Amino acid sequence: MDPLELFRNETESILGSILGKKGIDHRPEFGDAPKGLGDAAFPCFPLAKVLKMAPVKIAEELAEECKAHLRRSDFRLIEKVEAAKGYLNFYYNEKELMRLTLRAIDEMGRDYGKGKQRKERIILEHTSANPNGPFHVGRARNPIIGDTLARILRFAGCDIVTEYYVNDMGKQAVILAWGIDNLKGKVEKGKGKNDHRLVPFYQRASALMNENPDVLEEINAMLKRYEKGDRKIGKEVQHYCSLILEGMKHTLREMNILLDNYVFESRYVYNRDVTGVIEKLRQSDYSREEHGAYYLELEDFGIQGRETRFFYTRKDGTSLYTTRDLAYHLDKLRRGDRVIDVLGEDHRLQARQLAIALGELGEEKKPEVIFYAFVSLPEGKMSTRRGRVVYLDNLIEEALERAYKEVHKRRPDLSEEDKRRIAKIVGIGAIRYNIIRVQMEKSMVFRWEEALNFEGDSAPFIQYTHARASSILRKAGDEGSVLKEEAAGYLLDPNELALIRALARFPGLVQECAYRLKIHTMASYLRETARLFNQFYRECPVLTAPEGEREARLLLVRAFRSVIATGLGLLGIEAPEFM
């Protein structure tokens with residue numbers, strides 16, 4: 001249930017009825033009214049031509065008609081209507097808003113805000129990092145964005161499947177396998193998980209490939225045999241990729257990220273889907289050949305410069321990553337009604353080329369692509385090949401240590417086990433939230449003083465507020481479970497109303513985030529709602545309030561705690577009971 005939807009429906013019904021009597025076929029569209037000028041604002045400017053009147057005059061006349069309509073009808077959710085500078089401003093009935101919102105949250109609990117189940121199936125691909133070493137911080141945004149978006153879409157009612165496309169057939173995978181096979185005893189293994197243990201082989205093999213033409217020739221020959229279907233090489237490469245992938249999965253689990261499917265690139269070569277793609281692309285009017293290699297000429301599609309040629313085979317006829325990616329996308333588009341890809345901003349051209357090629361393959365549907373800018377640290381950008389990287393595991397480790405120091409400083413009375421447990425909740429939450437809160441298109445610098453700030457725009461601030469609400473309820477015991485209908489009569493302070501208005505917005509915000517494929521607005525909402533709760537907490541005593549008022553405020557505290565926990569969960573962040 002969305003409490004505000006009831007108010008919006010009543011507002012639209014009142015104004016729609018009045019406009020209909022004037023012979024105006026115009027569905028009222030409302031926006032948020034400026035602070036202090038109501039809850040919903042209808043701009044009268046589009047009606048000026050139709051009614052041949054000034055917008056200010058239209059608003060004034062419509063306001064009078066709406067007031068008359070309210071007086072003679074049983075509408076009870078709208079308190080009053082006023083005209084202001086060409087806008088028609090509707091004010092919601094505050095007591096009804098309080099009553100409906102508190103009742104909905106109390107009855108629905110953590111299901112408050114959940115959307116109705118939709119039949120449409122969405123396949124969301126995210127992360128898909130090459131399995132040749134640990135995740136690095138620069139691309140940490142991809143799995144966090146993908147997982148958070150999947151959580152929001154699922155809660156909004158979407159049938160969604162998440163997938164990781166494992167590039168087990170590219171040159172980097174072969175370099176890894178060659179390195180492990182040929183450099184045993186010559187390269188010191190890394191420590192810890194498989195991805196850290198084996199990445200030195202990849203790094204050293206990459207360097208040798210650039211230094212020694214014979215090594216390059218060996219790796220290229222191995223790659224060609226693999227792409228032509230050599231099962232022995234394939235089994236070996238896939239084994240090493242799977243070892244690395246296990247370490248990468250562990251990192252994802254540490255970040256509260258679980259994917260539904262891991263789809264291996266080699267599958268589309270072995271099942272001959274890639275062969276079908278090549279054969280069909282060669283029939284395109286835009287297919288060209290150069291020294292045995294085939295490509296699509298994309299100049300007529302608006303692609304400019306040196307990038308007009310989209311190669312889909314090498315000179316020897318073997319496929320490229322782009323060809324296999326086309327086969328994977330055709331498979332996804334067959335399995336899903338919508339396909340969403342989360343990609344770094346450096347993939348914009350490739351995404352555009354892929355969409356054109358899908359069209360040439362006769363596919364009408366196209367993937368929806370979400371691009372993100374990269375994360376850097378104050379020290380600067382990172383190199384991905386020569387070992388000059390900061391791994392996501394390092395960031396996680398530092399987050400847990402820094403969070404532990406904060407928890408120990410604030411709660412020295414806790415047991416060591418509780419300190420470590422809370423430190424993990426706070427540390428992982430700090431990383432996720434600090435990345436989510438920035439619009440995906442904007443580049444960002446990850447700073448610890450921001451991520452672990454207990455007073456600012458951070459997960460610890462929101463988590464601490466949730467813990468404060470939990471503490472109030474623990475001290476109160478089971479009180480506050482009554483007065484669902486009468487509570488509004490006691491909640492008269494402006495700080496109480498401001499908090500309830502924020503809680504009422506939650507269901508609509510879930511749908512907005514899902515529709516717009518945006519996640520930073522959910523982070524902003526949680527921060528602002530936590531701020532409003534803290535303001536309410538300062539101005540409105542709960543446990544020491546008079547009878548009736550106390551119970552009503554406890555109901556409000558319980559409602560806040562439920563919504564904030566649900567919202568944090570949508571960001572993949574745990575809501576601790578105490579900190």
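The values are calculated or read from the model by the stated rules, or taken from the named source; none is laboratory data. Quick caveat: nothing in here was measured; it's all calculated off a predicted structure. Here Cβ is always computed from backbone atoms with ideal geometry, including for glycine, and neighbour counts include all displayed protein chains.
Picking from 23, 38, which residue would you name as being crowded, with 18+ Cβ neighbours inside 10 Å and in a loop (DSSP other than H, G, I, E, B)? Testing whether each residue is crowded, with 18+ Cβ neighbours inside 10 Å and in a loop (DSSP other than H, G, I, E, B) leaves just 38. Within segment 503-530, the set of residues being within 23 Å of residue 471 (Cβ to Cβ) and without any contact (Cβ under 8 Å) to a residue 40 or more places away in the chain comprises 528, 529. Would you call residue 103 part of a helix (DSSP H, G or I) and either touching a Pro at 6+ places or on another chain (Cβ under 6 Å) or of a type outside the set (A, V, I, L, M, F, W, C) (or both)? Yes.
Applying the set (1) surrounded by 18 or more Cβ atoms within 10 Å (Cβ to Cβ); (2) charged (D, E, K, R); (3) more than 31 Å from the chain's Cα centre (by Cα) to residue 272 leaves exactly one unmet item: (1). Residues in segment 346-361 that are in contact with a strand residue (DSSP E or B) (Cβ under 7 Å, 6 or more places away or on another chain) and free of Cβ contacts under 8 Å to residues at least 24 places away in the same chain were compared, and the one that is nearest to residue 520 (Cα to Cα) is 348.
Mind listing whichever residues of segment 129-181 are assigned to a helix (DSSP H, G or I), without any contact (Cβ under 8 Å) to a residue 40 or more places away in the chain and within 23 Å of residue 512 (Cβ to Cβ)?
Matches in segment 129-181: 150, 154.
Filter segment 318-347 down to the residues that are of a type in the set (Lys, Arg) and under 19 Å from the mean Cα position of the chain (by Cα) and list them by number. Across segment 318-347, the qualifying residue is only 338. Quick check: is even one residue across segment 437-454 among the charged types (D, E, K, R), within 22 Å of residue 560 (Cα to Cα) and either out of contact with any Phe, Trp or Tyr (no Cβ under 9 Å at 6 or more places or on another chain) or at pLDDT 95 or above (or both)? Scanning segment 437-454 turns up at least one residue that is among the charged types (D, E, K, R), within 22 Å of residue 560 (Cα to Cα) and either out of contact with any Phe, Trp or Tyr (no Cβ under 9 Å at 6 or more places or on another chain) or at pLDDT 95 or above (or both). Contact annotation: residue pairs with Cβ atoms under 8 Å, 6 or more positions apart or on different chains, pairing a residue in segment 535-554 that is more than 17 Å from residue 106 (Cβ to Cβ) with a partner that is loosely packed, with under 12 Cβ neighbours inside 10 Å, are 543/475.
Restricting 114, 119 to those that are outside the structural domain of residue 200 (by TED's automatic domain parsing), more than 19 Å from the chain's Cα centre (by Cα), of a type in the set (Lys, Arg) and not in a helix (DSSP H, G or I) reduces the list to 119. Based on this model, can you work out whether residue 566 counts as touching a residue at least 12 places away in the same chain (Cβ under 8 Å), of a type in the set (Val, Ile, Thr) and crowded, with 18+ Cβ neighbours inside 10 Å? Judged against the criteria, residue 566 is a match.
Could you tell me whether residue 277 is within 19 Å of residue 363 (Cβ to Cβ), touching a Ser or Thr at 6+ places or on another chain (Cβ under 9 Å) and crowded, with 18+ Cβ neighbours inside 10 Å?
Taking the combined requirement at face value, the residue satisfies it.
If I filter segment 236-258 for residues that are more than 30 Å from residue 569 (Cβ to Cβ), buried (at least 17 other Cβ atoms within 10 Å of the Cβ) and over 35 Å from the mean Cα position of the chain (by Cα), do I get at least one hit? Yes - at least one qualifying residue is present in segment 236-258. Where helices (runs of 4 or more DSSP H) fall entirely within segment 482-570, those with at least 3 residues that are within 22 Å of the chain's Cα centre (by Cα), β-branched (Val, Ile, Thr) and not assigned by TED's automatic domain parsing to the domain that holds residue 158 are at 549-570.
So for segment 448-468 (the condition being farther than 29 Å from residue 378 by Cβ and free of Cβ contacts under 8 Å to residues at least 60 places away in the same chain), does at least one residue qualify? Within segment 448-468, none of the residues are farther than 29 Å from residue 378 by Cβ and free of Cβ contacts under 8 Å to residues at least 60 places away in the same chain.
Among the candidates 14, 18, single out the residue that is of a type in the set (A, V, I, L, M) and touching an Asp or Glu at 6+ places or on another chain (Cβ under 7 Å).
18
The set of residues from segment 52-79 being surrounded by fewer than 16 Cβ atoms within 10 Å (Cβ to Cβ), in contact with a helix residue (DSSP H, G or I) (Cβ under 9 Å, 6 or more places away or on another chain) and over 14 Å from residue 15 (Cβ atoms) comprises 53, 54, 57, 76.
This table checks each residue for (1) free of Cβ contacts under 8 Å to residues at least 12 places away in the same chain; (2) under 26 Å from residue 159 (Cβ atoms); (3) outside the structural domain of residue 289 (by TED's automatic domain parsing).
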{"position": "322", "(1), (2), (3)": "no, no, no"}
{"position": "363", "(1), (2), (3)": "no, yes, no"}
{"position": "371", "(1), (2), (3)": "no, yes, no"}
{"position": "411", "(1), (2), (3)": "no, no, yes"}
{"position": "421", "(1), (2), (3)": "yes, no, yes"}
{"position": "425", "(1), (2), (3)": "no, no, yes"}
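Screening residue 225 on (1) at pLDDT below 95; (2) surrounded by fewer than 21 Cβ atoms within 10 Å (Cβ to Cβ); (3) under 15 Å from residue 129 (Cα atoms) shows it passes everything except condition (3).
One line per residue, one yes/no per condition, for (1) within 14 Å of residue 24 (Cβ to Cβ); (2) under 42 Å from the mean Cα position of the chain (by Cα); (3) in the same structural domain as residue 18 (by TED's automatic domain parsing); (4) not in a helix (DSSP H, G or I):
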| position | (1), (2), (3), (4) |
| --- | --- |
| 53 | yes, no, yes, yes |
| 59 | no, yes, yes, no |
| 62 | yes, yes, yes, no |
| 81 | no, yes, yes, yes |
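Screening segment 182-213 for residues that are touching a residue at least 60 places away in the same chain (Cβ under 8 Å) and under 18 Å from residue 321 (Cβ atoms) and picking the one that is surrounded by the most Cβ atoms within 10 Å (Cβ to Cβ) gives 202.
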